[in-house]
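Inspection log for the structure reproduced underneath, given as structure tokens.
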Amino acid sequence: MTTPTPVFDDHCREAVLGIRSALLDLYSAVGADAARPQDVARQFGLNKNLTWKVARIIGADNAFQAVPLIPGAGGLDILLKAMAVAGAPEAAINNVRSAVSEFDHMVEIHTGDRATLELALDSMAAGWNSERLERSRKMAFLGASGIWGAQARAKLSCNLIAPNADDPGRLDLALVGGLVGFRRLRAGSAWPLFRIHMYQDDGTLIEERSSPIDPAGDNGAGLRLLPDFCTETLPDINAVRDEHEIVYELADGPVGNLGTFDCFFGEYSRGTVPRHRDQDNEHGEVGSLITAPIEALIFDLIVHRDLEFAANPEVLVFGMRSPKETSYLPESSGNLLPVPDTVYDIGHGPPNAATPLIPRYQEIMQRAFEACGWNPRDFYGRRLILRYPPMPSRVVLRFPLPDRP
């Protein structure tokens, strides 16, 4: 009877833990202290880089994090020969060889080579470290910049939420968005900078009725720019309505640094969405569409102090199959992408929102509070900073809605 092959992640975990266990036994047999890799290098005449890798494998909290550290055939031979000279039992040395052989067999079955294995683990984010995930996203950013011929230093998405003064069962919303350092790397056709829409849990779009934060930036067709904060080099931008969406579309313009610009917009609406859970909505959420290669996303959620249910949003990033896919799919659909989920507290008011990534952000926030008639001291902020957000994707901050009293 043939023994079934374990599923990928279980098989990989078992193989790595087998190597760790065998290395622990080997070190114990010769009196080597894995916590002191430099001492081990001097004691056994080994390269410090090799003993450091072994120490990291033995001490790794998560098996997947040890994968890039597992020595190749040459490094393994050097290690085992040194341990044999030091008197390590043959059985301990053979156990290490057997464990590494089982790991290589696992690699051959599931991915074919170690480089592909690391990519698979990176994609899974199965206990993977955030630095490696960021490196992968950076490579994707560089590739997308070349392919699409455009990039931006930063994107801002700031959503403010407050109780509606006339109807306690509804919420007021404000949105401030922007791109910093956007530039074309080649001449091209119109580019969608922002897509603005509202939707229910099932993805059904809701018709939006909003007002501009700065009336001077309202062209009457849905364009809600903040002209005082846009650069003078701003090219023509048109507002294109697509069903219930507004798309800010960039016209063709100069290539490279001469065409670099910052662009900000802002709007608010009263009583637009329900405050409590109902048959159509169990969660509240705000989202930011990533439709261009971006170095950093600054995603702020500024919440009134009476709305404690939104204080600790969950971070979700959904890969999009097309630029017009405005609603996310359930996690079970497989398009949930691995990202760090740390949301930082940025305290109260515009001064605490300042960041070097967004020029004059404090002034922009002050303008938004004044337009909405809100006191900044009544609000507190949460911030997600995502380096090299994947494109195309939808980044979401989601929170459960409370039951109606």
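The values are calculated or read from the model by the stated rules, or taken from the named source; none is laboratory data. All values reported here derive from a predicted model rather than from experimental measurement. Every residue, glycine among them, receives a Cβ derived from its backbone with ideal geometry; neighbour counts consider all protein chains shown.
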Task: Failed item, numbered, when Asp306 is tested on (1) surrounded by fewer than 18 Cβ atoms within 10 Å (Cβ to Cβ); (2) in a strand (DSSP E or B) - done: (2)
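For every residue, the table says whether it meets (1) out of contact with any strand residue (DSSP E or B) (no Cβ under 7 Å at 6 or more places or on another chain); (2) basic (Lys, Arg); (3) closer than 20 Å to Val343 by Cβ.
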| site | (1), (2), (3) |
| --- | --- |
| Cys263 | no, no, no |
| Arg277 | yes, yes, no |
| Ala296 | no, no, yes |
| Leu301 | no, no, yes |
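Out of Pro163, Pro212, I need the residue that is in contact with a His (Cβ under 7 Å, 6 or more places away or on another chain) and modelled with pLDDT of 75 or more. Which one?
Pro163
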Open item on the list: Is it the case, given these coordinates, that Asn62 is among the polar types (S, T, N, Q), surrounded by 12 or more Cβ atoms within 10 Å (Cβ to Cβ) and modelled with pLDDT of 90 or more?
Closed with: no
Task: Sole exception among (1) modelled with pLDDT of 90 or more; (2) surrounded by 20 or more Cβ atoms within 10 Å (Cβ to Cβ); (3) within 25 Å of Val273 (Cα to Cα) for Ala371, by number - done: (2)
- [ ] Tell me which residues, restricted to segment 129-164, are touching a strand residue (DSSP E or B) at 6+ places or on another chain (Cβ under 8 Å) and over 30 Å from Glu232 (Cβ atoms).
- [x] Glu134, Arg137, Lys138, Ile161, Ala162, Pro163, Asn164
TODO: Mind listing just one residue for me: the one in segment 1-18 that is among the hydrophobic types (A, V, I, L, M, F, W, C) and not in a helix (DSSP H, G or I) and, of those, surrounded by the fewest Cβ atoms within 10 Å (Cβ to Cβ)?
DONE: Met1
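Could you tell me whether segment 17-24 includes any residue that is of a type outside the set (S, T, N, Q), free of Cβ contacts under 8 Å to residues at least 24 places away in the same chain and assigned by TED's automatic domain parsing to the domain that holds Asp104?
no
Okay, residues lined up against (1) outside any helix (DSSP H, G or I); (2) over 29 Å from Ala115 (Cβ atoms):
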{"position": "Arg20", "(1), (2)": "no, no"}
{"position": "Ala41", "(1), (2)": "no, no"}
{"position": "Leu46", "(1), (2)": "yes, no"}
{"position": "Gly87", "(1), (2)": "yes, yes"}
{"position": "Ala92", "(1), (2)": "no, yes"}
Task: Candidates Asn95, Asn49, filtered to the one that is buried (at least 17 other Cβ atoms within 10 Å of the Cβ) and closer than 21 Å to Val16 by Cβ - done: Asn95
Task: Restricting segment 48-69 to residues that are assigned to a helix (DSSP H, G or I) and of a type in the set (S, T, N, Q), the residue that is farthest from the chain's Cα centre (by Cα) - done: Thr51
Open item on the list: I'd like to check something: does segment 269-279 contain any residue that is closer than 24 Å to Leu185 by Cα, surrounded by 17 or more Cβ atoms within 10 Å (Cβ to Cβ), at pLDDT 90 or above and charged (D, E, K, R)?
Closed with: no
